[in-house]
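Working notes, structure below.
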Amino acid sequence: MNIKIALGKLLCLAAITFSPLTIAEQMQRFGQYELHYIVIPTTMLQPEIAKEYGISRGKDRALVNVSVLNGENKAVNAEITGNTQNLLGQLQDLDFKKVTEGEAIYYLAEIRFADQEVHRIKIDARAPDGKSTLLKFNQKLYWAE
C-alpha cells in the first residue's frame, strides 16, 4: 500500500474517531467470539476511501461496519446478513461486502435514510464453527454534510 493511501486511511479513521457525530463502537459476545459494529455517516469518509471501497457518499447514507473477532482478538471470516427497517416499516436488506486488509476482516453495508430517522437494525453473524448471534439495535440517523 502506498504512503498516500495509508495516510488517507489513517486520517479517515482519526476523523471518524474524533467526530462528534460518531457513535461509539459497540460489541456483542457470542461463544468465544465478539461481534463489533458501528454505524457512521458516509460523509465522514474521505472521497478517495469511499471510492476505493465502492461506497456511495451522501448526506442520506450511512455505513454499517461489522467485524468478528475470536478469543485471541483476531479477525475471522464470518457470514454476515442483515436488514434495517424505519419506523414506517420500510425495509432495506443490508448487502454486506467483505473487506480484507492484512489481518483485518470487516464487512460493510450502506443504509439510505431520511434526516433524524430511526432505524431498527438486525445483523445475523455466523462464525466459522457455526456459532451465531442475532444483533438487534435501534439507531437514529442524522444528515451530515
### Message
Taking the criterion of being surrounded by 17 or more Cβ atoms within 10 Å (Cβ to Cβ) and either in a loop (DSSP other than H, G, I, E, B) or without any contact (Cβ under 8 Å) to a residue 24 or more places away in the chain (or both), would at least one residue in region 97-112 satisfy it?
### Response
no
### Query
Quick one: is Gly89 in contact (Cβ under 8 Å) with a residue 12 or more places away in the chain and farther than 14 Å from Gln139 by Cα?
no
### Task
Give region 118-145 a look and list any residue that's over 18 Å from Ala75 (Cβ atoms), assigned to a strand (DSSP E or B) and either among the aliphatic types (A, V, I, L, M) or at pLDDT below 95 (or both), or say none.
Val118, Ile121, Leu134, Leu141
### Query
Out of (1) surrounded by fewer than 17 Cβ atoms within 10 Å (Cβ to Cβ); (2) acidic (Asp, Glu); (3) assigned to a strand (DSSP E or B), the odd one out for Asp115 is which?
(3)
### Message
Kindly evaluate Leu94 against the criterion of being farther than 12 Å from Val39 by Cα, touching a strand residue (DSSP E or B) at 6+ places or on another chain (Cβ under 7 Å) and of a type in the set (A, V, I, L, M).
### Response
yes
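The values are calculated or read from the model by the stated rules, or taken from the named source; none is laboratory data. Predicted, not measured: the structure shown is a model, and the values here were computed from it. Here Cβ is always computed from backbone atoms with ideal geometry, including for glycine, and neighbour counts include all displayed protein chains.
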